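Reading through the structure tokens given below for one structure.
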Amino acid sequence: MKIATYNINGTNARLPRLLEWLEAFQPDVACLQEIKTATENFPVDTLKAAGWHCLVHGQKGFNGVAILSREPATETQRGLPGDESDEQSRYLEAEVGGVRVASIYLPNGNPQPGPKFDYKLAWMARLEAHAASLLGLGTPVVLAGDYNVIPHDDDIWDPRAMQDDALMQPESRAAFRTLLWQGWTDAVRSLHPRGGIWTFWDYQAGAWQRDHGFRIDHLLLSPQAADRLLNAGVDRDVRGQEKASDHAPTWVTLTA
DNA sequence: ATGCCCGCTTACAGCGGA
């Protein structure tokens, strides 16, 4: 079973690339972020014609997450619990093929310090609470998405380049570690423990050509999912295509 | 120190992204 996460940075701009990638890499489940479209405008008919079931939690212009799957999925959570006043579409969760899968778009948090960074940390605290409840299921769970956290200094080409950025502040990293300490496995890290794996390359300053990237797209596995972990990686070449997203698809394979 | 590039919007400039 292949589960992928892909921040597509806009559905309208990325649909051809998305369809090509789905056809070429054939994930069983694809968690999408930054669909940047209202739920009713997501191209479910086009994707259905290509053989994909869609669950969509959209938002006009910004944010928005979706879960595509070859087999039908049952939605289990729409929006991250813990703050009824939060109107940003950043969390969607479903049961598919016996695995609980979440599509997460964690707030960026820049500039820091400031209200956006406060929102990021508050959002991470809510995610910790919900993640703890998911661990209580005692079943395979995959929390897949754009976490907007660079966990270690070897998850970026040069830590000095982003040292003041919200993505690698001590508070952001501590909140990510708190998740791991609950019992989650960072799948890519567990198979590439020396770092040096990137999932994002900025559009600016020739970052792709210079391989100036970092790792912010993660798949966290519950113990019952980690027991089934076969492989994990990044579809890097997708980033080098014309009209690419600034993120590359990141994935795990689990035993059937 | 800032912006670079990109996608979005009752758009043609400004915001958000990372």
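Readers should treat all values here as calculations from the given coordinates under stated rules, not as data from a laboratory. In this text the structure is predicted, and so the values were computed from the model without any measurement. Don't worry about glycine lacking a Cβ; one is built from the backbone with ideal geometry, like all the others, and counts go over all protein chains shown.
Within region A:1-17, residues that are within 16 Å of A:Arg70 (Cβ to Cβ) have Cβ atoms under 8 Å from residues that are part of a helix (DSSP H, G or I) and more than 6 Å from DNA strand B (Cβ to nearest atom) in these pairs: A:Lys2/A:Phe25; A:Ala4/A:Phe25; A:Tyr6/A:Leu18; A:Tyr6/A:Trp21, counting only partners at least 6 apart in sequence or on another chain.
Look at region A:198-218: where a residue is farther than 20 Å from A:Leu106 by Cβ and in a loop (DSSP other than H, G, I, E, B) and a partner is more than 9 Å from DNA strand B (Cβ to nearest atom) and not β-branched (Val, Ile, Thr), sitting 6+ places away or on another chain with Cβ atoms under 6 Å, you get A:His212/A:Trp157. In region A:44-91, the residue that is nearest to A:Met1 (Cα to Cα) out of those that are within 16 Å of DNA strand B (Cβ to nearest atom) and part of a strand (DSSP E or B) is A:Ala66. If I filter region A:23-38 down to residues being of a type in the set (Val, Ile, Thr) and farther than 13 Å from A:Ala94 by Cα, which single residue comes out as surrounded by the fewest Cβ atoms within 10 Å (Cβ to Cβ)? It comes out as A:Thr37. Scan region A:20-43 for residues that are within 16 Å of DNA strand B (Cβ to nearest atom) and over 20 Å from A:Phe200 (Cα atoms) and jot them down. Answer for region A:20-43, where residues must be within 16 Å of DNA strand B (Cβ to nearest atom) and over 20 Å from A:Phe200 (Cα atoms): A:Thr37, A:Ala38, A:Thr39, A:Glu40, A:Asn41, A:Phe42, A:Pro43. Answer yes if at least one residue in region A:84-103 is among the polar types (S, T, N, Q) and under 24 Å from A:Asn231 (Cβ atoms), and no otherwise. Yes, region A:84-103 contains a residue that is among the polar types (S, T, N, Q) and under 24 Å from A:Asn231 (Cβ atoms).
Just one of (1) near DNA strand B (Cβ under 10 Å from one of its atoms); (2) over 24 Å from A:Pro27 (Cβ atoms) fails for A:Ile216. It is (2).
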